[in-house]
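> Pasting a structure below so you can have a look.
The values are calculated or read from the model by the stated rules, or taken from the named source; none is laboratory data. Keep in mind the model is a prediction, meaning the values are calculated, not measured. Here Cβ is always computed from backbone atoms with ideal geometry, including for glycine, and neighbour counts include all displayed protein chains.
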Ligand SMILES: NC(=O)c1ccc[n+]([C@@H]2O[C@H](COP(=O)([O-])OP(=O)(O)OC[C@H]3O[C@@H](n4cnc5c(N)ncnc54)[C@H](OP(=O)(O)O)[C@@H]3O)[C@@H](O)[C@H]2O)c1
């Protein structure tokens, strides 16, 4: 029986996650049974939502167990197969363990075609984050041509795609991100009309009013917290807030005191809706088809920050909370 390097959750993070919350162990790779495949990991996706799975609390997805492997979206190569659906040399995606090698049930992974798009794209623009951008904006945001779309976390994996879809649909698009370089990137590469660096802006309410002179019709919220409070003062009548993520509060040990949203929503007949991408499981093929079409037509571009080496997976995850990524954060194993 062969062995593999494995990353487990050693401790539940308190506040900001640390490297010492993870452990590197050697685990055994079991013999293949019928219907299974032996996989070699190629790319690992690190995502802010994994922070939520590190807390022992009820959520839309089971928490990680201590001393068990961490799991996230991965691309892997089939090196041996006992399934009629997959052959060695095929590439697959799926929710896989942070292991260099592992055995998986062939029904739990999906074959991807490296000739249609680079393998890494299946974890970003053609994967979970692309689909989140697509369904969050089109289904919950209900965009209309000529409206103003404001996006927080605009330079990240979801944000870069949301902004571009907004432009494809004929909207004025404004992005909020944490460095001048990111603002430069979203305006020059991703079509954003304007950007606001929230780390150097003293009064976000005023800055949003200036960048969105006609008010905000859709707010695509990736971050929550103070940035999102400032948006409330700028929402239009019948505006929609798409509550996608709240990364600014994921590491808080106590729920922050926040502005009461109800008076703002009442005054503007405005709506606010949260969602998780799993809600759209049955419609994923439709989303992937549309995103792939826009990619092929050159209407959609994507950015990736790729760290190298299996041992760097925990650090890449921590780096998300420091804003060290542009576009999708991945690790190439
Ligand atoms: N609802 C769903 O189904 C779903 C699915 C996928 C993702 N999400 C959520 O969507 C959001 C974006 O996810 P992603 O995968 O695209 O991540 P990402 O935006 O690629 O990476 C995280 C980014 O968040 C920003 N950030 C970190 N700490 C922050 C803070 N305290 N305040 C404001 N911004 C902060 C950083 O950019 P700056 O340099 O700009 O600060 C960082 O680069 C996350 O909140 C995630 O949980 C939700």
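> So is residue 319 within 13 Å of the ligand (Cβ to nearest atom) and surrounded by fewer than 20 Cβ atoms within 10 Å (Cβ to Cβ) or not?
Working: within 13 Å of the ligand (Cβ to nearest atom): yes; surrounded by fewer than 20 Cβ atoms within 10 Å (Cβ to Cβ): yes.
In short, yes.
> Is it the case that residue 216 is closer than 22 Å to residue 132 by Cβ, at pLDDT 95 or above and crowded, with 23+ Cβ neighbours inside 10 Å?
Against the criterion (closer than 22 Å to residue 132 by Cβ, at pLDDT 95 or above and crowded, with 23+ Cβ neighbours inside 10 Å), residue 216 qualifies.
> Next question. When you go through (1) surrounded by fewer than 19 Cβ atoms within 10 Å (Cβ to Cβ); (2) modelled with pLDDT of 95 or more; (3) touching a strand residue (DSSP E or B) at 6+ places or on another chain (Cβ under 7 Å) one by one for residue 50, which number turns out not to apply?
Among (1) surrounded by fewer than 19 Cβ atoms within 10 Å (Cβ to Cβ); (2) modelled with pLDDT of 95 or more; (3) touching a strand residue (DSSP E or B) at 6+ places or on another chain (Cβ under 7 Å), residue 50 violates only (1).
> Next question, about the same structure. Considering only residues that are in a helix (DSSP H, G or I) and within 16 Å of the ligand (Cβ to nearest atom), which ones fall in segment 301-313?
313
> Those residues that are in contact with a strand residue (DSSP E or B) (Cβ under 7 Å, 6 or more places away or on another chain) and free of Cβ contacts under 8 Å to residues at least 40 places away in the same chain, I need them from segment 260-308; list them, please.
261, 264, 265, 268, 269, 270, 271, 272, 274, 305, 307, 308
> Assess whether residue 298 counts as being farther than 18 Å from residue 178 by Cα and either part of a helix (DSSP H, G or I) or within 10 Å of the ligand (Cβ to nearest atom) (or both).
It is false that residue 298 is farther than 18 Å from residue 178 by Cα and either part of a helix (DSSP H, G or I) or within 10 Å of the ligand (Cβ to nearest atom) (or both).
> May I ask you to list pairs of residues, at least six apart or on different chains, whose Cβ atoms are under 7 Å apart, with the first in segment 182-195 being in contact (Cβ under 8 Å) with a residue 60 or more places away in the chain and the second being assigned to a helix (DSSP H, G or I) and within 15 Å of the ligand (Cβ to nearest atom)?
Once the first residue is in contact (Cβ under 8 Å) with a residue 60 or more places away in the chain and sits in segment 182-195, its partners that are assigned to a helix (DSSP H, G or I) and within 15 Å of the ligand (Cβ to nearest atom) give 190/160; 190/163; 190/164.
> A follow-up question, please. Looking only at residues that are more than 13 Å from the ligand (Cβ to nearest atom) and surrounded by fewer than 13 Cβ atoms within 10 Å (Cβ to Cβ) in segment 269-285, which one is farthest from the chain's Cα centre (by Cα)?
269
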